[in-house]
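Notes follow once the structure below has been shown.
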Amino acid sequence: MLLAIDVGNTNSVFALFDGEHLVSQWRMATNASRTSDEYGLWLRQMLALNDRTYSEITDVILATVVPRVQFELVSCCKKYFHVEPMLVDSALDVPDLSVDVDHPEEVGADRLVNAYEGWKRYQCGMVIIDFGTATTFDVITKDGVYIGGVIAPGVNLSLDALQKAAAKLPSIGVRCPSHVIGRNTVAAMESGIYYGYVGMIEGLLNRIKQEYANIEKVIATGGLAPLYVRAVPQIDDIVSDLTIYGLASIYYTNNNFNIINYNKNEEAYGS
């Protein structure tokens, strides 16, 4: 079985694939000080909960935007699974997707994986919005060329900054308020965070389309995507686990397998 690992700035996702089938996935907080043995012990516990063992993991692919984590995870894979993981970076051959930016080596692994999976599924000009620690907009042309995008502060990151910088403001969550005009402090904050990001998303999408007119699809992924699609009609689909499926696709493609044959709308909404 294949273990796909996506390390983000806030959370790390571990997903187990049996061929094309996503068997299980687990999420943990990203911590750059965690050791290879800590990863190994935690993974053994997660595998046991699903009646799996170390010996069933025969392949690993890893994408990380936190360089300090990479060494420990690679060490974990070698020690506990006896596997050298495939590492996703700008040097990896990603079939059918070209990268045309000023500094390809600076493109985050998660953005590269999302771009590949989005192109593989839709094969048209598109924007992929990923609601993570940062909110990223990635643009792929109708010919399958990744041409860059936008990196903005994530929703929760902005909310944390607001609450830390303004001592009298309370802690709130992110939700869709019924009115834009807040009649109290909490309601005003909720409106600012939610509708402020709606305005940012719509504005950036409009400007992106002015610079590249051949956008046929706008895809959203990430935990907060379902919350924002309600207010942004330009978003065509929500694809959960886009990065994880992208990692599996890249691994199997680079190893001459052809078994990821999902329905394009299997995990999509709003199309």
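Could you grab me the full set of residues in the range 40-88 that are part of a helix (DSSP H, G or I), touching a Ser or Thr at 6+ places or on another chain (Cβ under 9 Å) and among the hydrophobic types (A, V, I, L, M, F, W, C)?
Hits for the range 40-88 are 46, 47, 49, 69, 71, 73, 74, 76, 77, 81.
Just give me the residues in the range 204-222 being of a type in the set (Ser, Thr, Tyr) and crowded, with 20+ Cβ neighbours inside 10 Å, in sequence order. Let's see the steps before the verdict.
Initially, the range 204-222 is screened for residues of a type in the set (Ser, Thr, Tyr), giving 212, 221.
Selection gives 221 alone.
How many residues does the range 111-140 hold that are among the polar types (S, T, N, Q) and out of contact with any helix residue (DSSP H, G or I) (no Cβ under 9 Å at 6 or more places or on another chain)?
1
Restricting the search to the range 160-176, which residues are touching a residue at least 40 places away in the same chain (Cβ under 8 Å) and not hydrophobic (A, V, I, L, M, F, W, C)?
Here is the first cut: in the range 160-176, the ones touching a residue at least 40 places away in the same chain (Cβ under 8 Å) are 174-176.
Within the range 160-176, 175 is the sole residue that qualifies.
State whether one or more residues within the range 170-182 are among the aliphatic types (A, V, I, L, M) and either in the same structural domain as residue 10 (by TED's automatic domain parsing) or at pLDDT 90 or above (or both).
Among the residues of the range 170-182, at least one is among the aliphatic types (A, V, I, L, M) and either in the same structural domain as residue 10 (by TED's automatic domain parsing) or at pLDDT 90 or above (or both), which makes the answer yes.
Cβ-Cβ distance below 6 Å, separation of 6 or more or different chains: which pairs start in the range 102-120 with a residue that is in contact (Cβ under 8 Å) with a residue 12 or more places away in the chain and farther than 16 Å from residue 150 by Cα and end on one that is among the aromatic types (Phe, Trp, Tyr) and in a helix (DSSP H, G or I)?
Within 6 Å, the pairs are 117/245.
For the range 18-37, enumerate the residues that are touching an Asp or Glu at 6+ places or on another chain (Cβ under 8 Å) and not in a strand (DSSP E or B).
34, 35, 36
Does the range 135-163 hold any residues that are within 22 Å of residue 11 (Cα to Cα) and not in a strand (DSSP E or B), and which are they?
Listed by number, the residues that qualify are 154, 155, 156, 157, 158, 159, 160, 161, 162, 163.
Run down 175, 121, 183 and say which single residue is crowded, with 18+ Cβ neighbours inside 10 Å and either farther than 23 Å from residue 223 by Cβ or not aromatic (Phe, Trp, Tyr) (or both).
When all the criteria are applied, what remains is 121.
From the list 162, 205, pick out the single residue that is among the aliphatic types (A, V, I, L, M) and modelled with pLDDT under 90.
Answer to the check: 162.
Quick check on my filter: what residues within the range 39-73 are closer than 20 Å to residue 255 by Cα and touching a strand residue (DSSP E or B) at 6+ places or on another chain (Cβ under 7 Å)?
Within the range 39-73, 57, 59, 60, 61, 62, 63 meet the criteria.
The values are calculated or read from the model by the stated rules, or taken from the named source; none is laboratory data. Only a predicted model underlies this, so the values are computations on that prediction, with no experimental measurement involved. Positions of Cβ are backbone-derived with ideal geometry, glycine not excepted, and every protein chain shown enters the neighbour counts.
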